[in-house]
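Input: a single structure, listed below in structure tokens.
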Amino acid sequence: MINDQLLNPSGIVVVGGSDDIQKPGGKVLKNLIDGRFSGNLYVVNPKAEAVQGVETFQQVEQLPQVDCAILAIAAKYCPAAVEVLARQKGTRAFIILSAGFSEENAEGAALEKQIVDVVNEVGGALIGPNCIGVLTTHYQGVFTTPIPELDAHGVDLISGSGATALFIMDTGMQKGVKFSSVFSVGNSAQLGVEEVLEYLDESFDPEKSSRVKLLYVESIAKPAKLLKHASSLIRKGCRIAAIKSGGSAAGSRAASSHTGALASPDIAVEALFRKAGIVRCHGRDELATVAGIFMYPALKGKNMAVVTHAGGPAVMLTDALSNGGMEVPHLEGPKAEELLAKLFNGSSVGNPIDFLATGTAEHLGFILDACDKDFDKIDGIAVIFGNPGLFPVFDVYDMLDRKMREVHKPIFPIFPSYTIVKEEIADFVNKGRVYFPDEVIFGNALVKVCSTPQPQPEKPELPAVDEARIRKVINGAENGYLTPVQIHELLDAAGIARAKEGVADTEDRIVSLANEIGYPLVMKVVGPVHKSDVGGVVLNVSDEETVRKEFRRMMQIKDTYAVMLAQQLKGTEVFIGAKREDKFGHMVLCGLGGIFIEVLKDVKAGLAPVSCHEALDMIKGLKSYKIIQGVRGQEPVNEIKFAEAVARVSVLVKVAPEIFEMDLNPLLGNKENVVAVDARIRIEK
């Protein structure tokens, strides 16, 4: 557990500190000294009497009591040092920079376990091993540079990779982003990203704590913990962005169902982040840009004014915003004409608002005041201002800084120039401001921020299902695919509408079923996985003769042991699936159904349980949503019924976690209802 000794130690010892600042032990000591650590500072080095002006101890046994130890010695020596520090010196915080532990081999993993056992026994906190260290507003316990400006209201960064943490800091610093704390958790032997986030949540103080959190994770060991504490922090007013790497298609497994093929581990991460309200990023620059956006007030809508003195960047930003679903509304009327009269001839105010390369600081002030007071449909303002080389722009950036304090709407500064305006930008950043060097990266990042939903409720309202009936079916089932009779029972118990149907393995029984269900009918083979591929689906069966003929043909198809009859319904084919993913629980997916699931692969996923509200957001997020709404005279799908069916599947898999994969493909949706006409459910107990 993270403790005060780690966050604000009264004393720190660097075990392995030296005069060589090109090695971790020497560099971390220098950073502590340069950062003016106010507590007692000690060094253990058996070969020197003093290191960087700090008196040394030859052995850890000689040390006085000390809160925090930073170890920069060979892995094989770490367990003995931790043993003495923990048992004899009252040390309760350990930062192990050294590599050579579980990331390397079994011997290293055994050393790591020894250390964790000792730290746990004394109730201590361990960061690492194999990390760059920890930064807080109290001390600079890392062996890397540059060190960012540390501010209690800056960004909290938690990273599973030390090098990536450094590069994220560097990228953020270039934009003016400040940091409150940095935790490089390395091997996460005791404390990982989830545990640090848990601490930030449970210790959150609305007056003192940072409201911006950045995460870099390569694996999510505890998804439930991450979901709980990320969503809790966001509900408290924080904003969180994260990179989760290692999610390429190369990591997904082959599967026997549409859901299994589509529901990769990365889809689970996407679903987790959306459920928590985390903005997902895919690179350092994007993450740092989102962090910069987080440092400004949140937009209350999606209407942006683009203010510029250069046409090209404004067009590219407008494209990025518009393509992402934001609006750059046209501005016109008396107030627009009044603003235009204050600018140089040739300027335009239709939005983008272009006040030309010769535009002045005064002109910028007029524009920002008008966007704030005169144009109600504007929610935020992006200002693109580089330097055309005509004159210094200190006064323009000063005006921008002043208006950012006076104007009530968020203003986002984009400075495309650098070489010719280094001094002006440095002056702007020194005022505590964050800027954005690239308009398209900014626009895409703003779109992501605005399109990321708020966290789902911790206890969502869910449809009622017959749990006892569901458990009876599952308890009596064997591993593998359920029979049609078992599937029907589960769907009925879950309240999922299904077509009238039945299964027969004799010709007389199939004819009897056809008369019971009524024509027209669909006939499908029972047995083969992909029925259409083997000629195992026949539509529009309208008489007994066709039933008999097709039954005889189908029973000759390989792996077929019966034939299913179902009433033929009309509607748009949609899809709902579920898959159990290791550690994450069940993913529930939805999209267009039938063959389109294979061709378009247009699905949205949520982590069970999924409320009707969350399911509706998933449906509206589909690229094919216009088809579901009904286009060119097509009958629309009842979105409320579709969302309810998604929610009911999510409750079904929570009640029956033994369900490994399930496909409802297709369901037929029309304006009245959404009805399952084919289903596969696979059990793994």
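When each of Ser188, Ser203 is scored by the number of other beta-carbon atoms lying within 10 Å, the sequence from fewest to most is Ser203, Ser188. Among the listed pairs Lys23/Lys236; Lys213/Lys431; Lys472/Lys500, which are separated by more than 32 Å between their Cα atoms? In this structure, Lys23/Lys236 lie more than 32 Å apart at Cα. With angles folded into 0 to 90 degrees, how steeply does helix 394-406 sit against the dominant principal axis of the chain? Use alpha carbons for both and round to 10. Between helix and principal axis, roughly 60 degrees. Ordering Ser532, Ser210 from the fewest to the most neighbouring beta carbons within 10 Å gives Ser532, Ser210.
The simple Förster model, with R0 at 25 Å and r as the Cβ-Cβ distance, assigns Lys335 and Arg405 a FRET efficiency of 0.60. For segment 31-85, just say rounded, prolate or oblate: build the C-alpha gyration tensor, square-root its eigenvalues into a ≥ b ≥ c, call rounded for a/c under 1.5, and beyond that prolate if a/b exceeds b/c, oblate if not. The shape class here is prolate. When percent of Cα pairs over 34 Å apart is calculated directly from the model, which label among (1) 42; (2) 46; (3) 58 fits? It is the one labelled (3). Candidates Pro352, Thr308, Ser417 compared by Cα position along the dipole of the chain: farthest toward the positive end lies Pro352, with charges placed on Cβ. Explain nothing, just the number: dipole magnitude of segment 1-143 about its Cα centre with +1 on each Lys and Arg Cβ and -1 on each Asp and Glu Cβ, in debye rounded to the nearest 20. Rounded to the nearest 20 debye, it is 200 debye.
For segment 572-683, give the magnitude of the charge dipole about the Cα centre (Cβ charges: +1 Lys/Arg, -1 Asp/Glu; no others), in debye to the nearest 20. Spell out each step's value before the answer.
Numbers: 15 positive and 15 negative charges, 34 e Å.
Charge dipole of segment 572-683: 160 debye, to the nearest 20.
First check a/c for segment 265-321, with a ≥ b ≥ c the square roots of the eigenvalues of its C-alpha gyration tensor; if it is under 1.5, answer rounded, and if not, answer prolate when a/b is larger than b/c or oblate otherwise. Here segment 265-321 falls in the prolate category. Over the chain, DSSP H runs of length four or greater, each weighted -39,500 (n - 2.57), average out per residue to a 222 nm ellipticity of -11000 deg cm²/dmol. Centre-to-centre separation between the Cα atoms of segment 112-146 and those of segment 498-534: 64 Å.
Sort 404-416, 421-433 by packing, meaning the average of other beta carbons within 10 Å per residue, with the highest value first. Let's see the in-between values first.
Working: 404-416: 17.9, 421-433: 16.1.
The densest-packed peptide leads the list: 404-416, 421-433.
Among the GluC sites (Glu not before Pro) in segment 1-88, those placed in a DSSP loop whose Cβ has at most 15 other Cβ atoms within 10 Å are Glu49.
Cα centroid separation, segment 357-423 to segment 430-461: 21 Å. Counting only alpha carbon atoms, the long axis of helix 223-235 and the longest principal axis of the chain meet at about 70°. I want to make sure I understand the PRE zone here: with the label point 7 angstrom from the Cα of Arg548 toward its beta carbon, which residues in segment 493-521 have backbone N atoms less than 13 Å away? Only 507-512 pass the distance filter. Count the DSSP beta bridges whose two residues both fall in the chain, then state the antiparallel fraction as a percent rounded to the nearest 5. Percent antiparallel among DSSP bridges in the chain is about 50.
Considering every pair of different Cα atoms, what Kirkwood radius, in Å, is found for segment 456-589? Show your work: numbers first, answer last.
On the way: mean 1/r = 0.0590 Å⁻¹.
Hydrodynamic radius (Kirkwood, Cα pairs) of segment 456-589 is 16.9 Å.
Rounded to the nearest 10 degrees, the inclination of helix 162-175 to the longest alpha-carbon principal axis of the chain is 70 degrees.
Antiparallel DSSP bridges in segment 4-127: what percent, to the nearest 5? Could the numbers behind the result be given before it?
Numbers: 2 of 20 bridges.
Around 10 percent antiparallel, to the nearest 5.
Sorted from fewest to most neighbouring beta carbons within 10 Å, what does the list Glu439, Glu332, Glu501 look like?
Working: Glu439 27, Glu332 11, Glu501 21.
Least to most surrounded, the residues fall as Glu332, Glu501, Glu439.
When only alpha carbons are used to place a centre, segment 2-70 and segment 166-195 end up 22 Å from one another.
Which shape class applies to segment 304-433: rounded if a/c is under 1.5, otherwise prolate when a/b exceeds b/c and oblate if not, where a ≥ b ≥ c are the square roots of the Cα gyration tensor eigenvalues?
Rounded.
Using the Cβ-Cβ distance between Lys623 and Asp466 with R0 set to 35 Å, the FRET efficiency works out to roughly 0.50. Ordering 6-16, 369-379 by mean Cβ neighbour count within 10 Å, with the highest value first, yields 6-16, 369-379.
FYI, it's all coordinate maths here, none of it is from the lab. Because the structure is predicted, anything quoted here is derived from the model rather than measured. Please note: Cβ atoms are built from the backbone with ideal geometry, for glycine as well, and neighbour counts cover all protein chains shown.
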